[in-house]
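The structure under discussion appears below in the form of structure tokens.
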Amino acid sequence: MTQLLSTLLMVGALATSPAPTTQTAVFAGGCFWGVDAVFKHVKGVTRVVSGYAGGAAATADYEQVSSGETGHAESVEVTFDPTQVSYERLLEIFFIVAHDPTQRNRQGPDVGTQYRSAIFYANEQQKNAAATFIAKLTREHAFSKPIVTEVVPLDRFYRAEEYHQDYLARHPTQPYIVYNDLPKLARLKQRFPEVWRD
């Protein structure tokens, strides 16, 4: 009887204990290779997927997105544990490290609407947090030019082709990666050492 009671109490405790929760955020900041790599090195981030947001399912493939005419932006879906890293901290990393939010429809050598700066928010909390953070950066004159980042609702996120996933980790010596993306990782480690992970 005592063993049965212990078992029932254990089952009850498991049923009432809160399940671990994660949240997702979707950011667009130019070529997804570098943005993906930045967030993969952030403590509390559990998964990062490169993909497309802003357009329709029928056009969510690299060849069509590359035309710049689909409405899609190269994006990353970041899954994170909010008890370890906040959405606000992810915003900070996105703006300060992952890309240049003052460049409209381009990042570095990549030009077109598919490389625009955008935050695709999942709910009102994310929308308000993004708007508040942009207002703060603007007030503080964090950049010499105006921030052009779009803050728009997420309709759907479409996973990119497999050869785009974990691209930097698989091609660390490719010239594009060396010149454009490895410096982002160096900045992350320097500016945010408390969230850096190898």
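Looking at segment 150-180, which of its residues are of a type outside the set (D, E) and part of a helix (DSSP H, G or I)?
Y163, H164, Y167, L168, A169, R170, P175, Y176, I177, V178, Y179, N180
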Mind checking which pairs have a first residue in segment 185-196 that is under 15 Å from L91 (Cα atoms) and a second that is assigned to a loop (DSSP other than H, G, I, E, B) and acidic (D, E), Cβ under 7 Å, 6 or more apart or different chains?
-> none
Going through segment 20-48 in order, the residues found to be farther than 21 Å from T102 by Cα and either in a strand (DSSP E or B) or at pLDDT below 50 (or both) are Q23, T24, V42, V45, T46, R47, V48
State the number of residues belonging to segment 162-188 that are surrounded by 12 or more Cβ atoms within 10 Å (Cβ to Cβ), acidic (D, E) and more than 28 Å from T132 (Cα to Cα).
-> 1
May I ask you to list pairs of residues, at least six apart or on different chains, whose Cβ atoms are under 7 Å apart, with the first in segment 119-144 being surrounded by fewer than 18 Cβ atoms within 10 Å (Cβ to Cβ) and the second being in a loop (DSSP other than H, G, I, E, B) and of a type in the set (S, T, N, Q)?
-> F143/T102
Residue check: is Q64 free of Cβ contacts under 8 Å to residues at least 12 places away in the same chain and over 22 Å from P175 (Cα atoms)?
-> yes
Looking at G51, G55, which is the one that is at pLDDT 95 or above, touching a helix residue (DSSP H, G or I) at 6+ places or on another chain (Cβ under 9 Å), assigned to a loop (DSSP other than H, G, I, E, B) and not aliphatic (A, V, I, L, M)?
-> G55
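The values are calculated or read from the model by the stated rules, or taken from the named source; none is laboratory data. These numbers come from a predicted model, not from an experiment. In this analysis, Cβ positions are derived from the backbone assuming ideal geometry, glycine residues included, and neighbour counts consider all displayed protein chains.
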